[in-house]
1. Could you grab me the full set of residues in segment 126-158 that are under 15 Å from the mean Cα position of the chain (by Cα) and closer than 13 Å to I2 by Cβ?
2. Tell me, please, whether a residue that is at pLDDT 90 or above, under 28 Å from N34 (Cα atoms), hydrophobic (A, V, I, L, M, F, W, C) and buried (at least 22 other Cβ atoms within 10 Å of the Cβ) can be found in segment 182-189.
3. Taking I135 as meeting all but one of (1) surrounded by fewer than 17 Cβ atoms within 10 Å (Cβ to Cβ); (2) over 23 Å from V26 (Cβ atoms); (3) among the β-branched types (V, I, T), write down the number of the exception.
4. Would it be correct to say that I112 is of a type in the set (V, I, T), more than 30 Å from I6 (Cβ to Cβ) and either out of contact with any His (no Cβ under 8 Å at 6 or more places or on another chain) or at pLDDT 85 or above (or both)?
5. Taking the residues in segment 21-36 that are under 10 Å from the mean Cα position of the chain (by Cα) and not aliphatic (A, V, I, L, M) as candidates, determine which candidate is surrounded by the fewest Cβ atoms within 10 Å (Cβ to Cβ).
6. Just to check your reading of the model, which residue among I16, I55 is of a type outside the set (G, A, S) and modelled with pLDDT under 85?
7. If the requirement is being in a helix (DSSP H, G or I), closer than 17 Å to A11 by Cα, out of contact with any Cys (no Cβ under 6 Å at 6 or more places or on another chain) and among the polar types (S, T, N, Q), which of these qualifies: S143, S163?
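The values are calculated or read from the model by the stated rules, or taken from the named source; none is laboratory data. The shown structure was predicted, so the numbers you read here are calculated from the model rather than taken from an experiment. Backbone-built Cβ (ideal geometry, glycine too); neighbour counts: all protein chains shown.
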Amino acid sequence: MITPFIHGFGASGGLIVAIGAQNAFVLSQGVRGNHHLAIALICILCDGIFITAGIAGFGASVSANATLAQWVTWGGAGFLIFYGFGSFRSAIRGGSLEANDKAVKSLGAAIITTLAVTLLNPHFYLDTVILLGGISSRFHGQSRLLFWAGAILASTLWFICLSLGGRMLAPVFKKQISWRILDTMVCATMWVLAISLLMNGIAVEQG
């Protein structure tokens, strides 16, 4: 009976660990110590809700709604471009850990940004709802429940490690060059994902 659990843990971990907008944001806020535990908790809850929905069979309904998918794609691309521009400005401006600590966002702003970078990203739904939901379809009954438990555990452990790992890296970010590198990587990640979303959206419309 352990096999479905391992499948769920491996599939969820493999999808979530991939570099993306959400991970880049969680890591950068972990380094800053900007409500990093609250941000990790929000990501864990969002993953838990949509992984559960996917495994429960909601993924098929979402993928069948072409209009909804298109709106999510364009909205997500727009947000990623906007957020990436903010990281680009930070990379140009530079800074240090002390300087960034003086401009810590409020908890409300951190929550809103976390929800935006998570829920406005179509890849989030692709991974949690559609892909994990599709993989889980080979399991039934208690086996599917074990698959779900493995997927949830992988997500929980990943975001906790990402958030706390960011805090452990804080001493490195006493140097200005470290902030420039991190912000540049975050900007590049956001813009590459935005471009891929725009290209996919154009391809769907033309198709």
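1. none
2. No - not one qualifying residue is present in segment 182-189.
3. Going through (1) surrounded by fewer than 17 Cβ atoms within 10 Å (Cβ to Cβ); (2) over 23 Å from V26 (Cβ atoms); (3) among the β-branched types (V, I, T) one by one, I135 breaks only (1).
4. When the stated conditions are applied, I112 passes them.
5. Here the residue is N23.
6. Selected residue: I16, the only one of I16, I55 that is of a type outside the set (G, A, S) and modelled with pLDDT under 85.
7. Numbers: S163 fails: closer than 17 Å to A11 by Cα.
One residue alone meets the criteria, S143.
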